[in-house]
Amino acid sequence: MTDILITFLFALTSVYVLLILWIIAGINRLFPKKNSDQPFVSIVVAARNEEKNIGDLMTALVRQDYPNEKYEIIIVDDGSTDNTAEIVKKYQSGSSCRIHLLTTTNRAQVISPKKNAVTMGVNHAAGEIIFLTDADCVPPPGWVSGTVQYFSSETGMVIGFSPNELPSLNSITAKLLALDSLSLAAVAAGTTGWCVPATCNGRNLAYRKIVFKQVGGFEKIKQYASGDDDLFLKLVLTGTKWKIQYALEEQLAVPTKKLTNFRQFFNQRLRHASKGFHYEPIKIIILFFVYIFNFILLFNLFYLINYFSYIPLVCFAMKSLAELLILYIFAVRIKRRHYLSIFPLASVLHLFYVVFFGALGQLKKFKWKDN
């Protein structure tokens, strides 16, 4: 029995390492052509009770180095009970940018309030390209102008990096969350390099409005409480012929503010994990493999230690070194190498993290913006 476990574990580890090497090769394939066109674009943000964050976002958006006459800002107030709308109105009257404030009226009647708010914003948008971010993000000045350059005539969507790093990485928890965002982005970038993007993040995402219309918006995924980003990506990938690119430039990353409490972290991770069985079959198989591998490795680290077997430790070392390699390569490209200081601790916690949230995400419900 012990020999079978060891053989199986080593085989799983080898496949896992090969999978990571394949993703690394994909990162090295990201050399997109640049486009010099400056189409009219619309920045759409769904906001709910964001009075503490919306001012920083609005300041960042009105300071984009893209021509003022070439973009508009659309804030969709999703039933806020604080001063979110009032703050946006102040920017409306004091800025030369075109700023629109919309308000949802049917929040209680929809399964996914955020998708509902984003849909309202996109339908109202006049832009050829839709830019999406969240109210707790602070896009850099060159975000719009730099991302637009990735839209060749064949490109329908551009994925970007959104690190969890604001206001600073001054705690172990903050550093772990930042590294987690880096790892997800590395997977997104590497798979995009092979033209099969695995995921994306709605905090830094852009797509043509015509793409949104072609896939029917969120209609096919409206039954899911989340998925305005990666489930929508699936629709674009499987339902259209548009190319998808990854903006692998440090100056195009959109930093977001850190989660302020464990409840926010818990709900966010459940939201991410809950979509596991809603992807295309090949992605479900890979996610299931990753989960089983981490589960078996964690089990063996405890079980085989009684037999004084070193194989589980070797497998854990192989897994960790492969993960460190992909994180280092991506971190260097995106100028976030300092994230790696927390990697030794993160590599240990990762086993528990995957097993716990992977299972719980399929069982427990979560909320977006409290209700």
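The table below lists the values:
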quantity	calculated
Inter-label distance, nm, simple model (7 Å from Cα along the C-beta direction), LYS70/VAL15	4.8
Principal-axis tilt of helix 281-303 within the chain, Cα atoms, nearest 10 degrees	40
Share antiparallel - DSSP beta bridges, the range 33-275, percent rounded to 5	25
THR103 versus LYS213: modelled label distance in nm, points set 7 Å from Cα along the beta carbon direction	2.9
Angle between the chain longest axis and helix 311-334 axis [Cα atoms, degrees, rounded to 10]	30
Whether the range 76-229 is rounded, prolate or oblate, judged on the alpha carbon gyration tensor where a/c under 1.5 counts as rounded	rounded
Crossing angle, helix 343-360 versus the chain [Cα axis fit, 0-90 degrees, rounded to tens]	80
Cα convex hull volume per residue for the chain (Å³)	132
Range in the chain, longest, excluding exposed trypsin sites (Lys or Arg not before Pro) [loop by DSSP; at most 10 other beta-carbon atoms within 10 Å]	35-240
Calculated [θ] (222 nm, deg cm²/dmol) that DSSP helices of n ≥ 4 give over the chain, each run adding -39,500 (n - 2.57)	-16000 deg cm²/dmol
Cβ charges +1 (Lys, Arg) and -1 (Asp, Glu), total dipole of the range 33-275, debye	580
Test item: Cα-centred dipole of the range 156-219, Lys/Arg +1 and Asp/Glu -1 on Cβ, debye	220
Among PRO167, PHE8, ILE329 the positive-end extreme of the charge dipole of the chain (Cβ point charges)	PHE8
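Laboratory data are not the source of any read-out in this text; all were calculated from the coordinates shown. Only a predicted model underlies this, so the values are computations on that prediction, with no experimental measurement involved. So basically every Cβ, Gly included, is an ideal-geometry build from the backbone, and we count neighbours across all protein chains shown.
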